[in-house]
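These notes concern the structure reproduced below.
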């Protein structure tokens, strides 16, 4: 008997999951609401650049497609902070040589669709919007946006990888009795800018770092693209003292950037045109449960959409593929058993990656320019180098390991409590690298 699977959503997670399913012998059909993005010009648009880290690479390697992504991934070995005077401070992400990788969302998505078709033998139907789903029977009802026709399809299993505002979840799961759902918009929005390359195509800044202009309640970041440009994103509140509500005229935008990010302003004579070229967008955290019902499972943002401040949204979605794949092998494709274990395993990690993302926003926005925070990071790094079995910094747990997000979050909060006590010492700036501080941390870990 032919095994058939439907994936709703041809984004990053849906495209990768198609390759996994094909490897297990499934005939895969993908339905995507949008037209084929490969036929349109891909620009920065409304899509923050992504940071591919260890969990994402692991999921790609499992099905042998990592080598196809490597050429479009730019390593970033740390953060470069830009202060008000334009001075730069470098803070490494992890150990020597460890990096996260900047990838263009549009470029990666186009590549993942190629991979789904070539490695997964998937058939992708574009401009098909999901309008209803029968969870028990695995039937998906769709509207063809180009022809106006209504169609339906049925499969042994259906996977909703259709993003934060999933049509499958909305039309199916959210109508179930006792389905928990919450949607939390954070107070801040974002607007993208595309900083062009120099005239000769070279980069205006170091391409191998994430650039941050931390300004307390708001910040600007920049990640390199392959063509010498940088995708830059301004995150700030919608309303209040320093907020988007005050940036409504060209003069206000120009004055704000000139005064707040002077070194960035000098590099960007086309700032105003770029500002008008990209929309102001909002950011939400979406939690729900259960993630599976009948023949249908939610994956990626459809299950656990987060904000982008740990660069883990895509990595978490790719890790869903890794976990589901392991369970497929463990339970010999017994889907009811797989689904129950999948949601039980992954729900705490979905919640944790959201907590981590919110936590890291405060770190990036408020603390990375603080000398005491930087000293704390030096103390943590020194202790971790001395006792690697006792202390792995939270960032390394999240970005450079496959430790469960929930375990990383819990360990990180314990480490935070320890470091708060260490940093409370009035003489910490003089004794930070002493045996005494080292022993104090050891005693608190073992307590």
Students often get this wrong: which residues of region 141-170 have the backbone nitrogen under 19 Å from the point 7 angstrom along Cα-to-C-beta of residue 123? 141-159
Sorted by Cβ neighbour density within 10 Å, fewest at the top, the residues 112, 299: 112, 299
Neighbour counts of other C-beta atoms within 10 Å: give me 325, 17 arranged from fewest to most. 325, 17
Could you compute the FRET efficiency for residue 246 and residue 416, with r as their C-beta to C-beta distance and R0 at 56 Å, rounded to 0.05? 0.95
Label residue 132 and residue 96 with points 7 Å out from Cα along Cα→Cβ: what is the distance between them in nm? 6.4
May I ask you to sort 346, 105 by Cβ crowding, counting other Cβ atoms within 10 Å and putting the fewest first? 105, 346
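May I ask you to compute the full-extension gain from residue 151 to residue 362, defined as 0.36 nm times their residue separation minus their alpha-carbon distance, rounded to one decimal in nm?
Computed gain between residue 151 and residue 362 is 71.3 nm.
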For the pair residue 36 and residue 430, what calculated FRET efficiency results from E = 1/(1 + (r/R0)^6), where r is the Cβ-Cβ distance and R0 = 56 Å, to the nearest 0.05? 0.35
Please give, to one decimal in nm, the separation of the simple spin-label points placed at residue 374 and residue 217, each 7 Å out from Cα toward the Cβ. 2.5
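Would you work out the relative contact order for the chain, in percent, from Cα pairs under 8 angstrom that are 6 or more residues apart?
Value for the chain: 18 percent.
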Remind me, relative contact order of region 370-446 in percent, using alpha carbon pairs under 8 angstrom and six or more residues apart? 31
By DSSP, what percent of the beta bridges with both residues in the chain are antiparallel, rounded to the nearest 5? 75
Provide the FRET efficiency to the nearest 0.05 for the residue 177-residue 70 pair, computing r from the beta carbons and using R0 = 41 Å. 0.30
Using helices alone, what [θ] at 222 nm do you get for the chain, with -39,500 (n - 2.57) per DSSP H run of 4 or more residues, divided over all residues and rounded to the nearest 500? -11500 deg cm²/dmol
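Bear in mind that the values in this text are calculations on the coordinates, not laboratory data. The structure presented is a predicted model; accordingly, all values stated were derived computationally and were not measured. Counting neighbours? That spans all protein chains shown, and the Cβs are built from the backbone with ideal geometry, glycine included.
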